[in-house]
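Input: a single structure, listed below in structure tokens.
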Amino acid sequence: MRTGFPDFRLGNVLATSFTGTLSERHGDAVERIPAPHRLVDWLAVNGLAVDSCTTAQLELARELRESIHAAATAAAIQDALPASAVQVINDCSAQGRAAAVLTPEGKRRWRLSSASCVEDALSVIAADAISIIAGERDGKLALCASPTCQAAFFDTSQSRTRKWCDMNTCGNRQKKARFNANQRKNPRSAE
């Protein structure tokens with residue numbers, strides 16, 4: 001992994017993890033794929049290794065990311081899906097050459113075409129987004145409770161009441177802020 005760039009925030013759901021490559025959307029936004037080689041890195045970490053990426057492919061990836069974010073956010077708040085976002089997701093899903101394969105361990109893995117390209121990987125991400133937005137998987141879309149984040153995430157907790165896209169970042173940050181506010185209100189409670 002190349003140094004000098006923000007760490008990737010990896011999740012269990014490919015599509016929402018991909019939208020996390022732009023975090024803190026309502027604060028000081030952090031772009032985690034600022035250059036084509038970072039998209040190649042992110043895809044490799046997520047089992048979708050590609051040979052290379054052009055600037056145009058990076059722009060397509062970002063367009064897909066923002067479309068997934070817009071559609072997932074709309075689905076989470078039970079609003080109409082934006083037509084332009086649906087079109088981008090569908091176009092990306094249809095243009096790749098990827099196949100689902102079964103591993104000997106009984107898991108699904110994606111196999112990209114022999115000349116693996118970014119469009120193949122994006123089609124897998126788009127297909128994953130379609131499955132969660134369409135409600136085909138066990139879980140529900142929700143929005144992070146952090147006012148600076150508000151990322152869409154896929155909640156697979158038993159109660160479906162998770163508040164944070166990532167407990168290690170947004171959740172801890174909010175708990176620390178609440179603790180500090182309580183300390184300022186009640187300075188003697190720390191003694």
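Some values worked out for this structure:
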read-out: P(r) of the stretch 71-126 over all Cα-Cα pairs, binned every 10 Å from zero, in whole percent; value: 24, 36, 28, 12, 0
read-out: Spacing of the two label points (7 Å from each Cα toward its C-beta) at residue 148 and residue 81, in nm; value: 3.2
read-out: Distance in nm between pseudo-label sites at residue 103 and residue 136 (7 Å out along the Cβ direction from Cα); value: 2.1
read-out: The chain: projected area of the alpha-carbon convex hull, averaged over directions, in nm²; value: 13.9
read-out: Cα-projected label distance for residue 28 with residue 7, points at 7 Å along beta-carbon direction, nm; value: 1.8
read-out: Fraction of accessible area attributable to carbon and sulfur, the chain (%, probe 1.4 Å); value: 50
read-out: Helix runs (DSSP H) in the chain reaching 30 Å along axis by Cα, Kyte-Doolittle at least 0.0; value: 55-76
read-out: Helix-derived mean residue ellipticity, 222 nm - over the chain, DSSP H n ≥ 4, -39500 (n - 2.57), to 500; value: -13500 deg cm²/dmol
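The values are calculated or read from the model by the stated rules, or taken from the named source; none is laboratory data. This is a predicted model, so every value here is computed, not measured. Reconstructed Cβ throughout: ideal geometry from the backbone, glycine too, with neighbour counts over all protein chains shown. Ligands, DNA and RNA are excluded from the accessible area calculation, which covers all protein heavy atoms including side chains. Shrake-Rupley method; radii C 1.70, N 1.55, O 1.52, S 1.80 Å.
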